[in-house]
1. Report the accessible area of Glu203, computed with a 1.4 Å probe over the heavy atoms of all protein chains in place, in Å² rounded to the nearest 10.
2. In degrees, nearest 10, range 0 to 90: what is the angle between the Cα axis of helix 64-74 and the longest Cα principal axis of the chain?
3. Report, to one decimal in Å, the Kirkwood hydrodynamic radius for the chain based on all distinct Cα pairs.
4. Determine, from the Cβ-Cβ distance of Ile373 and Ala394 and an R0 of 35 Å, the FRET efficiency 1/(1 + (r/R0)^6), rounded to the nearest 0.05.
5. Which cross-chain or sequence-distant (5 or more) residues have an amide H under 5 Å from the amide H of Ala221, H modelled 1.01 Å from N in plane?
6. Can you give me the angle between helix 107-116 and the longest principal axis of the chain, using Cα atoms only, in degrees from 0 to 90, rounded to the nearest 10?
7. How large is ³J(HN,Hα) for each residue in the range 292-297, as worked out from phi by the Karplus curve 6.51 cos²θ - 1.76 cosθ + 1.60 (θ = phi - 60°), to whole Hz, x for Gly and Pro?
8. Go through 267-279, 298-310 and give me the packing order, highest mean Cβ count within 10 Å leading.
Amino acid sequence: MRSAVKGSSHNFSPLATSAEWGGRVTRVEVNLDAIDANIRSLCKRAPGAELMAVVKGDAYGHGAAAVAATALSGGARWLGVYTVQEGVGLRGASITAPILVFGPFSAAEAAQIWDAQLTPTIHSIQAAGDLQRSAHGSKRLPFHLKIDTGLTRAGVEARDAVSFMRSLQQFSALEAQGLYTHFASADAPSKQLSQRQLQTFLEVSHALDQAGFEFAVRHAANSAAILDLPTSHLDLVRAGISLYGYYPSAHVSRDVALRPALSLVSAVTRVTRVPIGSGVGYDHEFRCSRASTIALVPVGYGDGLARRLGNGRGTVLIRGMPAPICGRVSMDQVTVDVTDLPICQVGDEAVLIGRQAGAEQSADELGAQADTISYEILTSLMPRIPRVYVRGGAVVGVSRLYHELETL
């Protein structure tokens, strides 16, 4: 069965078509046309650089395999992940593009890096030694070196870069390819810190060049810097949250159009009328101050919905109107006060992220309700929620827990 889905608006009954995504009422819809459009817009923003689609964290909750394939077809040339297993998973999905692993890896994972032909970030001499011992034949493995220019997280200190590279010369199986850094506050109103970091990075790059160490790919720009700091674009830019249609903060430029790609959609499964004073949810933390109508929606913190959204902080769109979550967020469900809606029935669509009947609730807005950011809202969505992929107005694939991506 194939359903028509127009953009991120939902013109069908979730209960009527739920068999298509494994029987669950709750699902994540990912509009691949939005991913494609965002990639193309970001490529235009940095025309002199290649673009890396950052798909760590299961593509920020969107599904790494489908997003990676779409991003590459839209103009991305690289993929970025944090863990070796994320990279191996993409190779298992027939992705052949270069994949940079940002994070550290174990000795056992060094062999997997070689097997999957991933591009590691070398953080230490020990990591380089692990890669050398796992080398296959005479082929050399390209690596990237990260420089800590002021974020004070991972990376080699700027002052140690030349000596560190000299110490890597003992590892004949490794080949320097990329040099990069990461900004601490590119999404802040002031760009002074980012400009200082960029200057430090360029100085390190020059010092390495003078010492005879050449890097074909230099990169520094994250989403905010792609939008606001063109001098940082260099050879490659890394699109993270912007790939998924969100701006990194309220302080960055909005003159690049971005389209949110993800909707979190469920349905009303029970509607009950209760008298004044009724307790709702665990410990009756919420009590009805009037005779009320309470709807049940089967999505909870077991799906990644923040528990902080309970007791009136979070809202759900039903029939194009925001209805407050009342009582606690449970593991598998929430109760919603729909007393002020003209009507609410079993089977009505319930949207936590996305559009409905002219109304919209974004991951930014849901994040504000939970006192967090869109990044956490999106990456918290658990794999038990099926991902329904939409392109050209039709469902083109479904990814379910314990299943590979299935093409319809």
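The values are calculated or read from the model by the stated rules, or taken from the named source; none is laboratory data. Here the structure is a predicted model, which means the values were calculated and not measured. We place every Cβ from the backbone using ideal geometry, glycine too, and count neighbours over all the protein chains shown. Just the protein is used for accessible areas: all its heavy atoms, side chains included, with ligands, DNA and RNA removed. Shrake-Rupley method; radii C 1.70, N 1.55, O 1.52, S 1.80 Å.
1. Per-residue accessible area (Glu203): approximately 100 Å².
2. Computed tilt is about 70 degrees.
3. About 22.8 Å, per the Kirkwood formula over Cα pairs.
4. 0.65
5. Here Arg238 satisfy the definition.
6. 90 degrees
7. Karplus values, whole Hz, x for Gly and Pro: 9, 10, 10, 10, 9, 10.
8. 298-310, 267-279
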